[in-house]
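To keep things clear, I will list the structure first and then write my remarks on it.
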Amino acid sequence: QPGAVEQALKQNRTVAAAPPLAPFARALVDSVGAGAELRAVLELRVPELIAFQDEDYARRYVRQVAAVLRAESDLPGSPCALALAVARNLYKLMAFKDEYEVARLLLDDAEKARLARTFGDRPRVTWHLHPTFLRSLGFRQKVKLGPWFAPALKLLRAAKVIRGTALDVFARTEVRRLERRLLAHYEAVVQQLATRLTVGSHDNAVRIAALPDMVRGYEDVKLRNARGYASEINRETAALGLQLPLAVA
């Protein structure tokens, strides 16, 4: 039935319209005074950061992007390439995929709707996951978890409020400690780039701000990529006279 196949493919290619911004998210985006391209980037990411953690977390993100944009506005022609790079890469480091975020994404309403469009109204979903505590015990295989695991995912999703606190047992793993260190270091770098921004340093600053895209993958892959990132950002920041070394074991 080639017609049925084509119809199914067409349905899967349909991109749902982005939901309207909530009042707080819209106010945050408006506060930046961004042009169309940067505004589109922020409209996607600000609501996600609110969902990832809370409104204060999103405000922290917007405040840093706005500071970079203000610094760029003082340059001839008022470019925004640095603000765009920071908006994309700061988000990448802030919205890391820890246990709480994975649970949120697996239970996402948009994902549920996509599954229903593809497989019918009541699809049976099975998750293949590799929990942190099993990895710490040396268990290298993913485990197959059925619908019975949904309550545990809901509990994890709600537990995001303890992320990064003394109660966050997941925060003690090597990768989670690394993620927090990368974020803190990048924020310090961005602040220095904005403070010292000149016409002559602008291109180098944009290149530095885009470097977090190197930190891809999960667990051992992420650790390996982070070492390469540390080497590269240390070299680039030193060339600009910034004394902000990043060490990744």
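The values are calculated or read from the model by the stated rules, or taken from the named source; none is laboratory data. Please read these numbers as outputs of a predicted model, since none were measured by experiment. Cβ atoms come from the backbone with ideal geometry, glycine included; neighbour counts cover every protein chain shown. In case anyone asks, the SASA skips ligands and DNA or RNA and just uses the protein heavy atoms, side chains included. Shrake-Rupley method; radii C 1.70, N 1.55, O 1.52, S 1.80 Å.
Quick notes on this structure:
- Any chance LEU107 is more than 24 Å from TYR229 (Cα to Cα), under 22 Å from the mean Cα position of the chain (by Cα) and open to solvent by 20 Å² or more (accessible area, probe 1.4 Å): no
- Condition check for SER78 on (1) among the hydroxyl-bearing types (Ser, Thr, Tyr); (2) in a helix (DSSP H, G or I); (3) surrounded by fewer than 15 Cβ atoms within 10 Å (Cβ to Cβ): one failure, at (2).
- Among the residues making up the stretch 175-184, those that are of a type in the set (D, E, K, R) and more than 17 Å from GLY228 (Cβ to Cβ) are ARG176, ARG177, ARG180.
- Looking only at residues in the stretch 190-214 that are touching a residue at least 12 places away in the same chain (Cβ under 8 Å) and outside any helix (DSSP H, G or I), the one that is farthest from ALA71 (Cα to Cα) is ALA210.
- The set of residues in the stretch 55-78 that are over 24 Å from VAL206 (Cβ atoms) and more than 14 Å from the chain's Cα centre (by Cα) comprises GLU55, ASP56, ARG59.
- In the set (1) part of a helix (DSSP H, G or I); (2) open to solvent by 30 Å² or more (accessible area, probe 1.4 Å); (3) closer than 28 Å to LEU82 by Cβ, the condition left unmet by GLY217 is number (1).
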